[in-house]
Amino acid sequence: CDWSSDVCDFKANSAFDGSLKDKFLVASGNSSFAACSPSEGIAMYSKEFYAACTMGGILSCGLTHMLVTPLDVVKCNMQTNPQKYKSIASGFSMVVAEAGVAGLFKGWVPTLLGYSAQGACKFGFYEFFKKYYADLAGPENAIKYKDLIFLSGSASAEFIADVFLCPFEAVKVRVQTVPGFANGLSDGMPKILAAGGVAELFKGLRPLWGRQIPYTMMKFGCFERTVEALYANVVPKPKSECSKQEQLGVSFAAGYIAGVFCAIVSHPADNIVSKLNASKDATIGGIVNEMGVSALFTRGLPLRIVMIGTLTGLQWGIYDAFKVFVGLPTTGGAPPPTPK
């Protein structure tokens, strides 16, 4: 066993029995991220493994983003119309006063579909690229430069994921911030296509990369390191001795901590994306000049920290819960041994 010794620990301590466990037990592999489980069941980094990670990503991202739609509605309106939506509390009151409680859930369909597609690519491709770059580096360098592998793998995955998210994000923001534009995806997307064609749906792709790639690099890199730190310095026993519920608690806590940093590093680009998608004639340069550097970094940030911290914690909790459900270990663990 090397880096993935937590797979062995999971096997020895799993509370799952019967056919489900037998079907999804992780098998041994031959890579820098090798697993240590028996040969039956689905192999680590097999197509079944990636399918499980992809499904976990769909559940973790699609469901959580949909659940915080009310926060997202208020945040986007604070970013695009700060004179009207001056604070979090007044933002909620204003939306409810003008559109009723239903107004807080505007755009939930493009949110669910867009972030489900993004989550599938984000988590599925992260697992793929993490192994791919580790294999390129070789066993010793994979451990020595693991942070670079985490960051490169997550950036590569998010680059792909945002292409699938972008059209839905364009519809979502327009529905949430432009009164009377559309009720949702079914009438919103045709209006955008009629006004500007497919290019209008992807107008925000570059700033979306600017928001999401740093966010995802922090999400995965900080999470992996925080899990290691929690097991090394906070949790009073090794991961192998923790119950699955305790391990999932670590996943949520590490996810929330990572989410706070995610929100901070990606917030300027989030402001740009919101304003770009809210107005057909908006440009990146014009938005920066209008908002100024200070507002670009701070407008809507407290709400976004709460939103993204909660989102990221829940996402890692759901993702790892699904992995546990199908017989895989939770993500991350004790620091790998130092190469000799």
Shape category assigned to the stretch 58-114 from the gyration tensor of Cα positions, a/c cut at 1.5: prolate
May I ask you to derive the relative contact order of the chain, considering only C-alpha pairs under 8 Å and at least 6 residues apart, and to give it as an integer percent? 22 percent
Using θ = phi - 60° and the Karplus form 6.51 cos²θ - 1.76 cosθ + 1.60, what ³J(HN,Hα) does each residue of the stretch 204-210 get, whole Hz, x for Gly and Pro? x, 5, 5, x, 5, 4, x
Whole-Hz couplings from phi, Karplus 6.51/-1.76/1.60, listed for the stretch 78-86; x for Gly and Pro: 5, 6, 8, 9, x, 5, 8, 9, 7
Give the residues of the stretch 273-308 whose amide nitrogen is closer than 18 Å to a point set 7 Å from the Cα of Ala89 in the direction of its Cβ. 300-304, 306
So for the pair Leu193, Leu148, with labels modelled 7 Å out along Cα→Cβ, what separation do we get in nm? 4.5 nm
Between the stretch 255-311 and the stretch 181-250, the Cα center-to-center distance that results, in Å: 14 Å
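For the stretch 82-230, what class follows from the C-alpha gyration tensor (a ≥ b ≥ c being the square roots of its eigenvalues): rounded when a/c is under 1.5, otherwise prolate if a/b is larger than b/c, else oblate?
Numbers: a/c = 3.20, a/b = 1.93, b/c = 1.66.
Prolate.
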Which label in (1) 58, 40, 39; (2) 74, 62, 40; (3) 73, 50, 37 gives the computed Cα extents along the principal axes in Å: (1)
Pop out the ³J(HN,Hα) list for the stretch 294-300 in order, Karplus 6.51 cos²θ - 1.76 cosθ + 1.60 with θ = phi - 60°, rounded to Hz; leave Gly and Pro as x. 4, 5, 4, 8, 10, 5, x
Within the accessible area of the stretch 143-269, what % is carbon and sulfur when the probe is 1.4 Å and the other protein chains stay in place? 69 percent
Full-extension gain in nm, Ala51 to Ser240, via 0.36 nm per residue minus C-alpha separation: 65.5 nm
Under 23 Å from Lys75, Cα to Cα: lysines that are on another chain or at least 8 residues apart: Lys84, Lys86, Lys106, Lys172, Lys203, Lys219, Lys275, Lys280
Which distance in nm do the two modelled labels at Glu140 and Asn81 give, with both placed 7 Å along the Cα-to-Cβ direction? 6.2 nm
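The values are calculated or read from the model by the stated rules, or taken from the named source; none is laboratory data. Predicted model only: the values in this text are computed from it and were never measured. Methodologically, a virtual Cβ is constructed for each residue, glycine included, from the backbone with ideal geometry; neighbour enumeration extends over all protein chains shown. All accessible areas refer to the heavy atoms of the entire protein, side chains included, with ligands and DNA or RNA removed. Shrake-Rupley method; radii C 1.70, N 1.55, O 1.52, S 1.80 Å.
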